[in-house]
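See structure below.
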Amino acid sequence: MKTRLCFVDVALWCFVVYLACHVPSIEMRVDDLEQPAMKYKEPPAPTQRPEPPRQELRRGKCFHMPRSRCPPEGARCTRVDPVSVLCCDVDSFRLKEGLAIVMTQNTTNLHVLNANIEELDVSQAVFRRLASMAFTDGNIGKIVGQFPKYSPIACLNISNNNLTSAKLQPSIQRPFAYLFNLTMLDASANNLTEFPLSLVQSNRKISVDLSGNNYLPCKHFQKAMETNNSSLVTFVNYNQTFCALDLRFNWFKDVQIVQIDHLRVQKELNASCRNIKPASINCTCVPERLELLGDEVTNLVAVDCSLRNLTQLPADLPPNTVKLNVSYNNITSLGAVSDDPSYEHLRQLIVDHNDIDNIVELEGTKFIDNFMYFSIGHNKLRTIHTYVLSNKFDTMGIYTTFSIGGNYIHCDCNTEKVLKPWLLENFRNIPDYRALQCEGGGAVAELAEGDVCHSPRDWTDYIYYIIGLEVLVLVLLVAKVLYDYWVFKSAGYLPWPANKMPRLPCDWLCE
């Protein structure tokens, strides 16, 4: 009987050992930092009811825990709830080690506090199931890799990590290209200098917190706040978000930090654009840049009326128009620049490929005094009235560009004496001066004096020869007279020419 019981005990123990060796564990942890997750059978439903989603996620905020919830010394990462993990004061190695212990297939929220990481590789498999990912209050050297396609991350917090744009968006890799489910981006309190436009130029609503990055260009915010995206992009901490504004006024250039509320594009711009005359020419009006006019930061406008079959400059431009492009039309006069008040702030004028024959109408206008770029190439200019632009390049220096290539000038001696030296003197402001041609061919800058000038100096050369000849004849006559006198005194007779000459009434004076 004892022998039979002993045999049964041995059989039972063998069966237990077999189960222990062949039945997989209910909870499986995978080192997601090095290899993809393994397939496994779903565990049975737990007896304890799962906690409801955290309120932070419901309000559009990423999973975030205070430092008081950090794990004790020695344990770098801890599980806060069944789906959330918190890590504190880690480097690359300790983060990898800690996540390998606490991360499971069910983890969807991760907050890493005060991480000192040289390179954060977001392509690691450990991040691929996260819906909320936060790396805050640390020092990240560079973000590399790329989130996988169709990543479930809806909330990304990389605030206060001393990140620059070079670290956030390397030139080759695009870490955030496939975050199609992202609805919240917190990149506040960094040193970014480029706006992540790729994250907001989509057809989904997204909240962005860029407060504390004061050197982001204002023009990037302006693109994100244009009509197509204004209803989709929400700026968190709007009143604390600033941007760097490039200020340009004539020669003055500076950078000013302004609150992004200054970037609201003028609602009247489209209506003003439709009011441009002649009616129904459908010019295009877009914000050009921001500038300090008076005491206010103002949206400046660029108007494009090219290829509109215009015979005159358009009138009634939108307020604060600083750039006008009317190239490829049939315009013959620039008179509107001086007559129309809407041209008061004009700084750039492009009238290439028209029928303009002079720039005299611009003399004394505000545009001539203040323009930054004036292009009048491929028109019908016969001469360049340099006095219209007198002292312009001396006062504005490198900030002024005048383009005149493709015109055919009537070349004469005045062109060689006045226009050519003027072109060569201001070649830095006239980049295409060699493309200014003479009607008969050849560049004005290469005009030779002998080809067009017949100056008085050319004729005085012949006069000098005549005078020289006359002096020579006079010397010969005086020498002849002296010779005849010497012969008369020494021989007593006159030479043949003097002997044959008839006597004159005045000969008695010589006797």
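For a quick check of your reading of the model, give me the residue pairs whose first member lies in region 434-448 and is closer than 15 Å to I376 by Cα, whose second is among the aromatic types (F, W, Y), with beta-carbon atoms closer than 7 Å and at least 6 apart or on different chains.
Pairs found: Q437/Y408.
Is it the case that region 401-414 has a residue that's outside any loop (DSSP other than H, G, I, E, B) and among the acidic types (D, E)?
Looking for residues that are outside any loop (DSSP other than H, G, I, E, B) and among the acidic types (D, E), one finds none in region 401-414, hence no.
Residues are listed down the side, and each one gets a yes or a no for (1) among the hydrophobic types (A, V, I, L, M, F, W, C); (2) touching a helix residue (DSSP H, G or I) at 6+ places or on another chain (Cβ under 6 Å); (3) in contact (Cβ under 8 Å) with a residue 12 or more places away in the chain; (4) surrounded by fewer than 17 Cβ atoms within 10 Å (Cβ to Cβ):
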| position | (1), (2), (3), (4) |
| --- | --- |
| E363 | no, yes, yes, yes |
| G377 | no, no, yes, no |
| K380 | no, no, yes, yes |
| K392 | no, no, yes, no |
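Please state which of the following conditions P341 fails to meet, knowing it meets all the rest: (1) surrounded by fewer than 16 Cβ atoms within 10 Å (Cβ to Cβ); (2) touching a strand residue (DSSP E or B) at 6+ places or on another chain (Cβ under 8 Å).
Only one criterion in (1) surrounded by fewer than 16 Cβ atoms within 10 Å (Cβ to Cβ); (2) touching a strand residue (DSSP E or B) at 6+ places or on another chain (Cβ under 8 Å) is unmet by P341, namely (2).
Does D357 count as open to solvent by 50 Å² or more (accessible area, probe 1.4 Å) and under 23 Å from C305 (Cβ atoms)?
Against the criterion (open to solvent by 50 Å² or more (accessible area, probe 1.4 Å) and under 23 Å from C305 (Cβ atoms)), D357 qualifies.
Being open to solvent by less than 20 Å² (accessible area, probe 1.4 Å) and touching a Lys or Arg at 6+ places or on another chain (Cβ under 9 Å) is the filter; apply it to region 301-320 and report the residue that is nearest to L263 (Cα to Cα).
Top of the filtered list is V301.
Name the residue that is surrounded by the fewest Cβ atoms within 10 Å (Cβ to Cβ), counting only residues in region 90-101 that are without any contact (Cβ under 8 Å) to a residue 40 or more places away in the chain and out of contact with any helix residue (DSSP H, G or I) (no Cβ under 7 Å at 6 or more places or on another chain).
F93
If you check K277 against the conditions, is it surrounded by 18 or more Cβ atoms within 10 Å (Cβ to Cβ), at pLDDT 80 or above and among the basic types (K, R)?
no
Scanning for something surrounded by 15 or more Cβ atoms within 10 Å (Cβ to Cβ), in contact with a His (Cβ under 6 Å, 6 or more places away or on another chain) and at pLDDT below 90, does region 219-241 turn up at least one residue?
Among the residues of region 219-241, not one is surrounded by 15 or more Cβ atoms within 10 Å (Cβ to Cβ), in contact with a His (Cβ under 6 Å, 6 or more places away or on another chain) and at pLDDT below 90, which makes the answer no.
Here are the criteria: (1) at pLDDT below 85; (2) within 25 Å of N325 (Cα to Cα); (3) surrounded by 16 or more Cβ atoms within 10 Å (Cβ to Cβ). Tell me which single one E268 does not satisfy.
Here E268 clears every test but (3).
Pairs, please: C-beta under 8 Å, at least 6 apart or cross-chain, first residue of a type in the set (K, R) and in region 126-153, second part of a helix (DSSP H, G or I) and buried (at least 17 other Cβ atoms within 10 Å of the Cβ)?
What qualifies is K142/K167.
The values are calculated or read from the model by the stated rules, or taken from the named source; none is laboratory data. Computed from a predicted model, the values in this text were never measured in an experiment. Using ideal geometry, Cβ is built from the backbone for each residue, glycine included, and neighbour counts are taken over all protein chains shown. Just the protein is used for accessible areas: all its heavy atoms, side chains included, with ligands, DNA and RNA removed. Shrake-Rupley method; radii C 1.70, N 1.55, O 1.52, S 1.80 Å.
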